């Protein structure tokens, strides 16, 4: 059973138990009877949570039943969004191999008669994603350069041993191998061990830090001479960096095109009425507005659904309004999505005046057919089984504003701020005072003033 079918089943069960007809429920939900039929049959899905909440309360659902219905709607809505926004896969193009590196004469001799030490690829310190367990695929030119490095290291070791043998204080005295290596790094026992177990292949950097390739050899100079081995350098364990805020244990779904009562809204567009198509339904508003390069006119309703991602609860502490830019409102046309609609429900919201020097999210009470709905207030509790819906109404009469919301949260794992915006871009609301206003005439099939 799909998510939409599961949601429709829960709606049918609540309706049958409540004993209310489709007509009565449709009036209480401020929608049509045919639309409610489609909800209960799984042919359509409510665009906003307010419809689901009113349906649950009208049918007398208990608190656990209302949570189950809300969870089913969230899953069905997420599935619908994922299906509508599924990206087209783009085939990846393999990067061309880098050009071959010129090989010196030393490499040619080494490859013609490779030493046993060159049969295995030398170990290297891996930095980046490969350190997390990803396979490292090295082309042929990389292995050739590794062979060059090892051969050069062996040659340098042979030269160092020769120098020690010539300049040492006791050339004829056999070495015991129990002392500590000095000078070039070859131990006292290097004369009897041969170059393969002597000098390091890489010189330390000027600042004293161990170079990346210093761990490539099979044994360090200290280990070859019997001295203490240097402490290996390692990357810090994965996790939150010092001083960095922990990741928010929340998941937020932001709807930036919410219409009052599901039908009342207005947009600004620079296009003329002959070039603008008929108004869409609320669920198709984002695509319609994007195609018309339209901006919310006068006010914007934003609905944020939050639920926890862990096993514990998260406390929501408050909302802060961030206005990123204020511009002069564009001289565009206003297009109203409906010429008259509404109902007896006024949801409780956080009201934001974008024209204020420092806008605040102010709690405002609502009304449902004469019954007062209490204003939302912080702190709030949210978890994986207790979602929270925040409704914000932003208005302006004097600016074309870019804005966003910062949600403060805290949990046993830490605290932080979650940015709420329009998919990584700021929300945008513009004043529309004095602009030409158009409504859509259904009988004529065109926009008119």
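Every number here is computed from the coordinates shown, using simple stated rules; none is lab data. Since the model is a prediction, treat every value here as computed from it, not as a measurement. A quick note on method: Cβ atoms are made from the backbone with ideal geometry, for glycine too, and the neighbour counts reach across all protein chains shown.
Which whole-angstrom value gives the distance between the alpha carbon centres of the stretch 22-68 and the stretch 323-402?
23 Å
Quick check: residue separation of residue 384 and residue 67 times 0.36 nm, minus the Cα distance between them. What number comes out in nm? Please report the intermediate quantities before stating the final value.
On the way: separation 317, 0.36 × 317 = 114.12 nm, distance 1.07 nm.
Here the answer is 113.0 nm.
If you average the sequence gap of Cα pairs under 8 Å that are 6 or more apart and divide by the length of the stretch 250-448, what percent do you get for the contact order?
30 percent
Ignoring solvent entirely, what values of log10 I(q)/I(0) come out of the Debye formula for the stretch 3-83 at 0.18, 0.27 Å⁻¹ when each Cα is a single scatterer?
Scattering profile of the stretch 3-83, log10 relative to I(0): -0.65, -1.52.
Please figure out what share of the DSSP beta bridges in the stretch 351-449 is antiparallel and state it in percent, rounded to the nearest 5. It would help to have the intermediate numbers written out before the result.
On the way: 20 of 23 bridges.
Approximately 85 percent, going by the DSSP bridge assignments.
Shape of the stretch 286-411 from its Cα gyration tensor (a ≥ b ≥ c, root eigenvalues): rounded if a/c is under 1.5, otherwise prolate when a/b > b/c, or oblate?
Details: a/c = 1.83, a/b = 1.45, b/c = 1.26.
Prolate, since a/c reaches 1.5 and a/b exceeds b/c.
Given a Förster distance of 30 Å, report the FRET efficiency between residue 313 and residue 33 from their Cβ-Cβ distance, rounded to the nearest 0.05. Walk me through the intermediate numbers first.
Numbers: r = 40 Å, r/R0 = 1.32.
Calculated transfer efficiency: 0.15.
Expressed in nm to one decimal, what extension gain is obtained for the pair residue 13 and residue 446 from 0.36 nm per residue of sequence separation less their Cα-Cα distance?
151.7 nm
Kindly state, as a whole number, the per residue volume in cubic angstrom of the convex hull around the alpha carbon atoms of the stretch 303-377. If you can, show how the numbers build up before the last one.
Values: hull volume 13.6 nm³, N = 75.
For the stretch 303-377, the hull spanned by Cα atoms encloses 181 Å³ per residue.
Determine the relative contact order of the stretch 3-83: mean sequence separation of Cα pairs under 8 Å and six or more apart, normalised by residue count, in whole percent. Working shown, then result.
Working: 77 pairs, mean separation 33.8, N = 81.
Relative contact order of the stretch 3-83: 42 percent.
Among 352-363, 63-74, what's the highest-first ranking by average C-beta atoms within 10 angstrom per residue? Before the final figure, lay out each step's value.
Values: 352-363: 15.4, 63-74: 17.6.
Put in order of decreasing packing, that is 63-74, 352-363.
Per residue and in cubic angstrom, what volume does the convex hull of the Cα atoms of the stretch 361-449 have?
Spread over its residues, the Cα hull of the stretch 361-449 gives 223 Å³ apiece.
Which order do the peptides 324-331, 299-306 come out in when sorted by mean C-beta neighbours inside 10 angstrom, highest first? Don't jump to the answer; show the numbers that get you there.
Numbers: 324-331: 13.4, 299-306: 22.0.
Ranking, from highest mean packing down: 299-306, 324-331.
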